[in-house]
Amino acid sequence: VLEELGVPFELKYVDRAVAAHKSPEYLALNPNGLIPVLVDTSFGGDGKPLVLYETAAVCMHLADTHPVDRLLPPLGTAERAQAYKWLAWLGNTLQATLILYFYPERWGDEAAAAQVKASAERRIGTLLASSMPSSPAMAGPGCWARLTASAIPTPSCSAAGPGLRRPARSLPHLGPYQARMLERPAVQRAFATEGLKPPLV
Ligand SMILES: N[C@@H](CCC(=O)N[C@@H](CS)C(=O)NCC(=O)O)C(=O)O
């Protein structure tokens, strides 16, 4: 979203390989020990930066503080409400299930982990089948571009999904949509910074 806005920002790498997201310094920013966190130094009237976690909140805050860029549909409209819904869904419904799929060993021994992974994959399939572009707010031509803030996390969520038997890119209602998102220069810059290799979705 920051790339899309074109505003200056500093990216700090949080290395999961060394559990940097569980360090005392990081937990002071996000007690949940999850990535990402936004530290907004331009905000906070008391001189302290605004520290924000939860991806949906970060996206909505950035959209609110850069309204001229129209990252979200106009305030108080049904379209905006739908965009809120998909933002929350991505970060807290789909993402929570992806965590079960990618870290099944957290929920038991080897046999239990295999079961958790298999049932998480089935659930991911169900979730993706009923996801965004099938909603009226996303269906019309050009609508996807207006829902940038809610759409941007989509490729990054599914970038982690090449191991899935039915990744989002294989689904007729998501594949073309993701391809359009990947055409956006801001999305390409963000993926290049992350050092992600194809397939990107
Ligand atoms: N609801 C949170 C979910 C954040 C989340 O699950 N982040 C993942 C990375 S995409 C993470 O930190 N995983 C590391 C871990 O689970 O140890 C949000 O929307 O920010």
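Conditions (1) modelled with pLDDT under 80; (2) out of contact with any helix residue (DSSP H, G or I) (no Cβ under 6 Å at 6 or more places or on another chain); (3) not in a loop (DSSP other than H, G, I, E, B), marked per residue:
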residue	(1), (2), (3)
PRO141	yes, yes, no
PRO162	yes, yes, no
ARG166	no, no, no
ARG169	no, no, yes
PRO176	no, yes, yes
ALA192	no, yes, yes
LEU200	yes, no, no
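Residues in segment 39-46: is at least one more than 10 Å from the ligand (Cβ to nearest atom), at pLDDT 95 or above and within 22 Å of GLU194 (Cα to Cα)? Outline the logic, then answer.
Here is the first cut: in segment 39-46, the ones more than 10 Å from the ligand (Cβ to nearest atom) are 39-46.
Next, only the ones that are at pLDDT 95 or above stay: 39-40.
Right, trim to within 22 Å of GLU194 (Cα to Cα) and you get 39-40.
Looking for residues that are more than 10 Å from the ligand (Cβ to nearest atom), at pLDDT 95 or above and within 22 Å of GLU194 (Cα to Cα), one finds at least one in segment 39-46, hence yes.
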Does ALA78 meet the test of being near the ligand (Cβ under 10 Å from one of its atoms), without any contact (Cβ under 8 Å) to a residue 60 or more places away in the chain and farther than 18 Å from LEU164 by Cβ?
no
Output the residue which, of all residues in segment 59-75 that are touching a residue at least 60 places away in the same chain (Cβ under 8 Å) and either closer than 17 Å to LEU34 by Cβ or within 16 Å of the ligand (Cβ to nearest atom) (or both), is surrounded by the most Cβ atoms within 10 Å (Cβ to Cβ).
CYS59
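The values are calculated or read from the model by the stated rules, or taken from the named source; none is laboratory data. This structure is a prediction, so every number in the text was calculated from the model and none was measured. Cβ: placed from backbone, ideal geometry, glycine included. Neighbour counts: every protein chain shown.
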